[in-house]
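Heads up: the structure comes next, in structure tokens.
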Amino acid sequence: MVEETYFVKTKVANKYDGYIGENIPFYWPALNFIGKSVSEYFSDKDALDCIEIGSGSANLSITVSQYIRLRSLLLLDHSAPFLEIAKQKLSETPSVQITPILKHASFLSDDWQNDIEPNSKDLILSSLTLDHIADDEEFLSLLKKLQSLLKKGGCFVTAEKCASSSNTTKSWQSFAKMIHIRGENNLKNNFKNASEIEAWKHHNFTEDILRPFSDVWTLVEKAGLTVEYAGGVPLPEPENLNYDTFYELNKIRSFTRQEVFSSEQAFGVAILICKK
């Protein structure tokens with residue numbers, strides 16, 4: 001795992017919710033798409049036992065709770081400042097009628113799940129967090145661990161930015177252009193100052209690990225999960241991506257396995273909804 005230092009900073013956590021929805025045009029559309037999809041997936045259930053790993057400020061869990069009731073919720077994050085923000089937000093969220101369990105730990109630690117019964121969770125959520133895992137075997141080991149915690153028929157949802165890791169490809173260049181455009185937006189709207197933007201870019205280019213969407217799909221299947229839905233927000237090729245075209249990207253598109261595996265197209269967010 002890459003040593004992730006950016007999101008543990010209190011200042012970063014405190015600012016996050018104030019800009020993220022405006023800085024990423026598909027942020028809330030993606031979260032609401034996941035919430036709606038989860039409620040449809042569990043149309044025969046009235047409440048779910050849920051874990052969110054790398055939960056940050058709990059935006060995904062809160063969004064899901066607005067579509068289907070959560071019977072229990074465990075939030076796992078290695079950033080104490082983010083967990084404090086999540087705790088406060090959840091206490092003020094009418095759709096969350098439970099007291100969540102908060103765990104301050106890395107999802108790659110050996111023991112975070114020791115007090116969780118195998119086959120006990122309906123839903124495990126992950127958003128913009130698994131890209132901190134550098135090694136495919138570590139990634140696969142985590143996915144197998146998550147799979148073991150799900151009930152039969154349970155659901156794992158992942159939403160990550162995806163692209164080739166090679167900076168000579170158009171896929172990576174589209175990703176890089178997206179980061180620079182978002183940096184411009186941060187400065188334009190006074191979300192971050194110049195030094196904060198440089199630190200944020202450093203995080204994206206050195207602490208985050210890019211994988212093509214097809215690689216994530218392959219690892220999910222190796223972990224014993226079945227992909228029920230694939231979709232996301234593909235990025236235009238770099239020559240067609242600019243500030244205006246990026247901030248028009250707010251629709252979630254569905255993709256077949258063949259479409260995903262036939263190219264290394266960059267995705268601003270790539271979503272897999274998987275079944276045990």
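FYI, it's all coordinate maths here, none of it is from the lab. None of the values given here were measured: they were computed from a predicted structure. Ideal geometry is used to build each Cβ from the backbone, glycine not excepted, and the neighbour counts take in all protein chains shown.
Would you calculate a helix-derived [θ] at 222 nm for the chain, using -39,500 (n - 2.57) for each DSSP H run of n ≥ 4 and dividing by the full residue count, to the nearest 500?
The per-residue figure over the chain is -12000 deg cm²/dmol.
Using DSSP, restrict attention to beta bridges with both residues in the chain and report what percent are antiparallel, rounded to the nearest 5.
Bridges in the chain are about 45 percent antiparallel.
With contacts defined as alpha carbon pairs under 8 Å and 6 or more residues apart, what's the relative contact order of the chain in percent?
Once normalised by length, the contact order is 22 percent.
May I ask which of Lys144/Lys177; Lys11/Lys251; Lys89/Lys121 have a Cα-Cα span longer than 26 Å here?
Lys144/Lys177; Lys11/Lys251
Using 7 Å Cα-to-Cβ label points, what is the Asn250/Glu221 separation (nm, one decimal)?
3.5
Given labels modelled 7 Å from the Cα in the Cβ direction, how far is it in nm from Lys15 to Glu92?
2.0
Zone of Glu259 (label point 7 Å along Cα→Cβ, backbone N under 15 Å): which residues in the stretch 199-234?
Within reach of a label on Glu259, which here means backbone N under 15 Å from a point 7 Å along Cα→Cβ, the stretch 199-234 contributes 213-214, 228-234.
For the stretch 31-47, list residues with backbone N below 12 Å from a point placed 7 Å from the Cα of Arg71 toward its Cβ?
Within reach of a label on Arg71, which here means backbone N under 12 Å from a point 7 Å along Cα→Cβ, the stretch 31-47 contributes 45-47.
Residues with amide H under 5 Å of Leu70's amide H, sequence separation 5 or more or different chain, H placed in the peptide plane at 1.01 Å from N; which?
Leu48, Gln97
Could you calculate the FRET efficiency of Glu117 with Glu239 from 1/(1 + (r/R0)^6), where r is the beta carbon distance between them and R0 is 41 Å, rounded to 0.05?
0.20
Using 7 Å Cα-to-Cβ label points, what is the Leu140/Thr168 separation (nm, one decimal)?
If labels sit at Leu140 and Thr168, their model points lie 2.7 nm apart.
Kindly put Glu259, Glu40 in sequence by how many other C-beta atoms sit within 10 Å of each C-beta, fewest to most.
Glu40, Glu259
Quick check on packing: order 47-59, 14-26, 75-87 by the mean number of other C-beta atoms within 10 Å, highest mean leading.
Put in order of decreasing packing, that is 47-59, 75-87, 14-26.
Using the Karplus equation 6.51 cos²θ - 1.76 cosθ + 1.60 (θ = phi - 60°), what ³J(HN,Hα) coupling, rounded to whole Hz, does each residue of the stretch 177-183 give in order, writing x for Gly and Pro?
5, 4, 5, 5, 5, 5, x
For a quick check, take a GNM of the chain with Cα springs below 10 Å and name the residue from Thr168, Thr158, Thr93 with the largest mean-square fluctuation.
Fluctuation is largest for Thr168.
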